[in-house]
1. Within the stretch 115-136, can one find any residue that is crowded, with 19+ Cβ neighbours inside 10 Å and under 15 Å from A81 (Cβ atoms)?
2. Just to check your reading of the model, which residue among V190, V194 is surrounded by fewer than 18 Cβ atoms within 10 Å (Cβ to Cβ) and in contact (Cβ under 8 Å) with a residue 40 or more places away in the chain?
3. Determine whether the stretch 243-257 contains at least one residue that is touching a strand residue (DSSP E or B) at 6+ places or on another chain (Cβ under 8 Å) and closer than 23 Å to S6 by Cβ.
4. Which one of the conditions (1) assigned to a helix (DSSP H, G or I); (2) over 17 Å from the mean Cα position of the chain (by Cα); (3) surrounded by 15 or more Cβ atoms within 10 Å (Cβ to Cβ) does V173 fail to meet, given that it meets all the rest?
5. Report, by residue number, each residue of the stretch 151-170 that is in a helix (DSSP H, G or I) and either in contact with a Cys (Cβ under 6 Å, 6 or more places away or on another chain) or surrounded by 18 or more Cβ atoms within 10 Å (Cβ to Cβ) (or both).
6. Select from the stretch 32-44 the residues that are closer than 18 Å to L18 by Cβ and surrounded by fewer than 16 Cβ atoms within 10 Å (Cβ to Cβ) and list them in ascending order.
7. Just to check your reading of the model, which residue among T84, T72, T146 is touching a Ser or Thr at 6+ places or on another chain (Cβ under 7 Å) and either farther than 24 Å from N179 by Cβ or free of Cβ contacts under 8 Å to residues at least 12 places away in the same chain (or both)?
8. Go through (1) closer than 30 Å to Q17 by Cα; (2) in a loop (DSSP other than H, G, I, E, B); (3) in contact with a strand residue (DSSP E or B) (Cβ under 9 Å, 6 or more places away or on another chain); (4) outside the structural domain of G7 (by TED's automatic domain parsing) and name the single condition S197 misses.
Amino acid sequence: MIFYFSGTGNTRWAAQQLAAATQERLLFIPEELETACKYTLAEDERIGFCFPVHGWQPPHIVREFIRRMTITGARDHYAYALCTCGDSTGLAVTMLAQELAAKGITLQACQSLVMPESYVCLPFMYTDKPERERAKIEQAQQDLNTFAKVVVGRQTGYSHLTLGLTPWTFSHVIGAYFNRFMITDKKFTVDSDVCTSCGRCAKVCPVGDIVFDGTPAWKRDGSCTTCLSCYHHCPVHAINYGRITRKRGQYYFGHTK
């Protein structure tokens with residue numbers, strides 16, 4: 001089985017291909033959190049975790065799921081992880097591995113895919129230009145094809161991660177601040193004079209954080225992962241995160257600029 005989380009579609013794209021390659025179940029983490037999170041594996045079934053890196057750490061929703069889940073006999077099954085990032089992962093996979101170890105699960109293979117950038121809420125963060133998007137996806141497809149073979153063949157000891165410079169600092173210092181103070185829906189706004197009331201933002205929110213009654217309203221209940229799916233999918237750019245995104249680009253997997 002493959003557990004995955006995705007906001008703008010990069011990780012979903014990869015997880016779907018791994019599910020097709022392994023012929024194993026694909027489970028969406030936000031939906032699983034609505035259940036008892038108890039699982040029984042089929043004989044020789046693999047355990048996969050696919051997630052986007054948020055501030056050089058695993059998203060809080062992924063960590064919450066792992067802490068709640070119970071997988072019968074997990075210790076004897078092949079386990080792997082794949083993460084997507086805009087440039088580097090830091091120690092996000094190491095952090096995930098520590099969460100899994102507490103559940104008796106040892107990662108035997110891991111892979112990162114550098115995908116088109118979607119986080120645009122900091123002064124130096126922008127979406128990639130079309131040619132850069134294409135180059136990233138082409139390379140990611142090659143890396144994913146290789147990793148799929150690793151997983152299908154149950155290869156152990158495989159690690160292909162883009163850690164970046166000073167990964168400990170990025171994950172444990174910068175990432176700690178980012179995930180504590182910048183993962184919030186409090187800065188989302190909607191330009192009501194621009195909004196067309198299509199409701200797409202509410203439909204694409206992976207955690208159901210948006211209440212739609214003609215215009216979107218965020219619940220402010222701590223469920224937001226700040227994946228920016230609502231911002232990127234808005235067809236008229238009516239949604240913004242503070243003031244910084246007003247002149248920033250939009251991206252979601254499959255969207256053509």
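The values are calculated or read from the model by the stated rules, or taken from the named source; none is laboratory data. Computed from a predicted model, the values in this text were never measured in an experiment. Note: ideal-geometry Cβ built from the backbone for every residue, glycine included; neighbour counts use all protein chains shown.
1. No: the stretch 115-136 contains no residue that is crowded, with 19+ Cβ neighbours inside 10 Å and under 15 Å from A81 (Cβ atoms).
2. Numbers: V190 fails: surrounded by fewer than 18 Cβ atoms within 10 Å (Cβ to Cβ).
Sole residue among the options that is surrounded by fewer than 18 Cβ atoms within 10 Å (Cβ to Cβ) and in contact (Cβ under 8 Å) with a residue 40 or more places away in the chain: V194.
3. Applying the first criterion (touching a strand residue (DSSP E or B) at 6+ places or on another chain (Cβ under 8 Å)) to the stretch 243-257 yields 246.
Subset that is closer than 23 Å to S6 by Cβ: none.
Within the stretch 243-257, not a single residue is touching a strand residue (DSSP E or B) at 6+ places or on another chain (Cβ under 8 Å) and closer than 23 Å to S6 by Cβ.
4. Unmet condition: (3).
5. Of everything in the stretch 151-170, those that are in a helix (DSSP H, G or I) and either in contact with a Cys (Cβ under 6 Å, 6 or more places away or on another chain) or surrounded by 18 or more Cβ atoms within 10 Å (Cβ to Cβ) (or both) turn out to be V151, P167, F170.
6. Of all residues in the stretch 32-44, those closer than 18 Å to L18 by Cβ come to 32, 39, 41-42, 44.
Result: A42, D44.
7. Details: T84 fails: either farther than 24 Å from N179 by Cβ or free of Cβ contacts under 8 Å to residues at least 12 places away in the same chain (or both); T146 fails: touching a Ser or Thr at 6+ places or on another chain (Cβ under 7 Å).
Just one listed residue meets the conditions, T72.
8. Checking S197 against (1) closer than 30 Å to Q17 by Cα; (2) in a loop (DSSP other than H, G, I, E, B); (3) in contact with a strand residue (DSSP E or B) (Cβ under 9 Å, 6 or more places away or on another chain); (4) outside the structural domain of G7 (by TED's automatic domain parsing), the one that fails is (1).
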